[in-house]
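A quick write-up on the structure given underneath.
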């Protein structure tokens with residue numbers, strides 16, 4: 001991946017003057033919306049636009065940030081500078097106009113790290129789990145009375161807010177690795193949940209992706225890393241003096257023993273699953289005795305996410321454990337994480353953002369815990385042609401245990417079509433796996449829903465919508481279930 005030029009000085013100068021007017025291009029995106037909200041809360045006049053108005057656009061409007069429903073160069077007339085996301089194509093009219101007029105343009109991934117220097121920033125990174133871990137961390141800090149700010153790539157219940165401006169010293173950030181801007185953060189504490197190869201359209205090799213995480217970890221004052229993930233454990237061994245590990249493995253293996261004595265480790269001692277969640281017992285290095293708690297979330301991956309957030313709070317911030325554990329049962333997942341709805345015919349529908357094979361397996365395992373023994377029909381919308389081709393061999397095993405799968409067309413997200421990266425290209429992969437479910441290829445996204453509904457056989461069958469694109473357009477208008 002080519003190094004993205006980054007000089008924080010121009011952004012810091014603009015941030016220092018709260019009278020400067022900011023225009024957010026693509027403000028309806030969840031990450032841009034959070035940044036726009038924080039800039040507005042800090043006094044900047046902020047406007048936005050997005051060609052696909054969304055619930056997030058409406059949330060910004062309710063907080064005094066107008067979001068125009070299309071892109072147009074005229075939006076820049078009242079702006080001193082503008083921010084944009086990497087999802088914006090380079091020929092977008094506003095970007096072209098800003099360059100022509102000399103209006104300073106800055107990527108979201110440059111502005112947020114500069115803004116974070118005002119805070120004791122707690123940045124959560126990883127290929128999987130960072131949205132939920134960030135949300136858990138923000139929830140725990142609020143319960144501890146620290147009044148944090150946050151900027152997270154998800155809508156957090158109950159207000160469905162991706163950002164918050166508090167009076168406390170801490171800013172919780174979901175730090176994204178996809179475009180390499182993860183390397184620009186210098187947080188007080190960094191969490192690394194895991195490091196798996198992904199985004200290899202931007203990173204030339206898995207090692208280049210790892211190097212991005214290494215730069216992130218090197219700049220942090222403290223590092224909290226998973227001893228259960230080989231790459232995260234490798235990272236911890238490069239920075240042993242500032243690392244605290246956490247593990248959900250018991251009895252402890254090499255990683256859970258601190259990687260050969262490299263770092264103290266928060267150790268899960270017991271975990272009892274139920275449809276309601278997990279009753280667990282964990283030993284923290286700084287506490288004289290183990291503590292017990294209840295997490296109202298299914299899936300062992302969510303137990304790991306909670307342990308990461310607790311480890312940071314207890315071992316780095318030295319917060320008392322009891323109020324944190326008391327707060328866990330009230331936590332609710334961000335939207336599009338096991339989000340549950342009821343179909344008009346009474347069937348239960350679950351929508352999840354998973355789009356990587358590891359995430360899909362974790363989602364299905366969580367549903368098995370939440371609804372044991374129930375038959376599952378899934379609609380999968382692969383995300384990007386590049387990722388579909390990269391993980392084509394891994395997708396069939398991720399869906400083991402599903403009764404029937406409907407494959408919707410790939411959500412391109414600005415990817416050009418790619419040989420080997422279409423939904424049709426996945427069909428022979430599934431056919432070659434004897435444990436994979438039977439597959440129906442849908443001609444378009446809307447058609448995938450009736451195709452899946454036709455495969456439901458019993459009132460207890462579950463329908464799963466899975467993917468990071470616009471598959472949520474298939475959700476019924478009924479409200480989300482509070483389950």
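Every number here is computed from the coordinates shown, using simple stated rules; none is lab data. Keep in mind the model is a prediction, meaning the values are calculated, not measured. Here Cβ is always computed from backbone atoms with ideal geometry, including for glycine, and neighbour counts include all displayed protein chains.
Give me the distance in nm between label points sitting 7 Å out from Cα along the Cα-to-Cβ direction at residue 294 and residue 394, one decimal. Taking the simple label geometry, residue 294 and residue 394 are separated by 3.6 nm. Here residue 12 and residue 271 are evaluated by their C-beta separation; at R0 = 60 Å the FRET efficiency comes out at 0.85. With the cut-off at under 20 Å, measuring from each backbone N in segment 400-423 to a point 7 Å along the Cα-to-Cβ line of residue 441 picks out 404-413, 416-423. A simple spin-label model places pseudo-atoms 7 Å from Cα toward Cβ; at residue 241 and residue 91 they are separated by 5.3 nm. When a/c is below 1.5 the answer is rounded, else prolate if a/b is larger than b/c, else oblate, so apply that to segment 97-237 with a ≥ b ≥ c taken from the square roots of the Cα gyration tensor eigenvalues. It is oblate, given that a/c is not under 1.5 and a/b is not larger than b/c. The slack between residue 279 and residue 330, meaning 0.36 nm per residue of separation minus the straight C-alpha distance, is 16.9 nm. Panel order for 272, 350, by other beta carbons found within 10 Å of each beta carbon, from fewest to most: 272, 350.
Using alpha-carbon positions, what is the distance between the centroids of segment 137-151 and segment 12-28, in Å? What the calculation gives is 25 Å, centre to centre. Note that segment 119-330, at 37 °C in a medium of 0.692 mPa s, gets a Stokes-Einstein diffusion coefficient of 193 µm²/s from its Kirkwood radius over C-alpha pairs. Extent of segment 384-483 along its three principal axes (Cα atoms, max minus min coordinate, largest first): 39, 33, 25 Å. Diffusion coefficient of segment 8-109 by Stokes-Einstein, Kirkwood radius over Cα pairs, 20 °C, 1.002 mPa s: 162 µm²/s.
With the gyration tensor restricted to C-alpha atoms of segment 315-430, the semi-axes of the equivalent ellipsoid amount to 32, 20, 13 Å, longest first.
The eigenvalues of the Cα gyration tensor, multiplied by 5 and square-rooted, give segment 277-339 an equivalent ellipsoid with semi-axes of 21, 12, 10 Å from largest to smallest.
Were the residues from residue 221 through residue 431 laid out at 0.36 nm apart, the gain over their Cα-Cα distance would be 70.7 nm.
At 0.36 nm per residue, minus the direct Cα-Cα distance, what do residue 473 and residue 70 gain on full extension? Give it in nm, one decimal, please.
Gain on extension, residue 473 to residue 70, equals 143.1 nm.
To the nearest 0.05, what FRET efficiency results for residue 118 and residue 343 with a Förster distance of 51 Å applied to their C-beta separation? The formula returns an efficiency of 0.65 here. Contact order, relative form, for the chain: 11 percent (alpha carbon pairs under 8 Å, 6 or more residues apart, mean separation divided by residue count).
Arranged from fewest to most other beta-carbon atoms within 10 Å of their beta carbon, 47, 274, 161 become 274, 161, 47. Segment 283-358 and segment 363-421 have Cα centres separated by 24 Å. Fewest-first ordering of 117, 358, 167 by other beta carbons within 10 Å of each residue's beta carbon gives 167, 117, 358.
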